[in-house]
Amino acid sequence: MEEKALNLIQSLCVKVDFLTQAQEEFYQKHFLKLSLSSKNILTQTEAADYLGLTYDYLNQLTHHKKLKFTKKEGRKAKYFLKCDLDEYMSGEPESSHSEEDLIEKEILQSWSKEGKLKK
């Protein structure tokens, strides 16, 4: 009987540890989102999180000039104005068939086939 009780206690400890870790990750993720809402200039990683996109997909959008960014001369890092990200999110509906829209659709299809889009 004691062995059964010890096994049960160990099992409960593992579950509590798992739940504690999951809660910590949840808090970190949501604190990050709250901090992003107060910033006006975001890094590439922050911009990807803000838009709910992968880092690589964000790079594709900048490469095809679908998303504005700024960059210091001689540096690789890209920075994004929050107002530009908001403008991108509230862009025209997909009903327009401009060349830019077709490029973006092509990127989306390519990335979704490769499983690189966040769900």
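The values are calculated or read from the model by the stated rules, or taken from the named source; none is laboratory data. Keep in mind the model is a prediction, meaning the values are calculated, not measured. Positions of Cβ are backbone-derived with ideal geometry, glycine not excepted, and every protein chain shown enters the neighbour counts.
Would you confirm whether or not region 78-87 contains a residue that is closer than 25 Å to S110 by Cα and basic (K, R)? Scanning region 78-87 turns up at least one residue that is closer than 25 Å to S110 by Cα and basic (K, R). Scanning region 31-60 for residues that are in a helix (DSSP H, G or I) and over 12 Å from the mean Cα position of the chain (by Cα) yields F31, L34, S35, S37, S38, N59, Q60.
R75 fulfils the conditions (1) closer than 25 Å to H30 by Cβ; (2) at pLDDT below 90 except for a single criterion, (1). Look at region 27-49: where a residue is farther than 15 Å from A77 by Cβ and exposed (fewer than 11 other Cβ atoms within 10 Å of the Cβ) and a partner is modelled with pLDDT of 90 or more and not aromatic (F, W, Y), sitting 6+ places away or on another chain with Cβ atoms under 7 Å, you get N40/L81; N40/K82.
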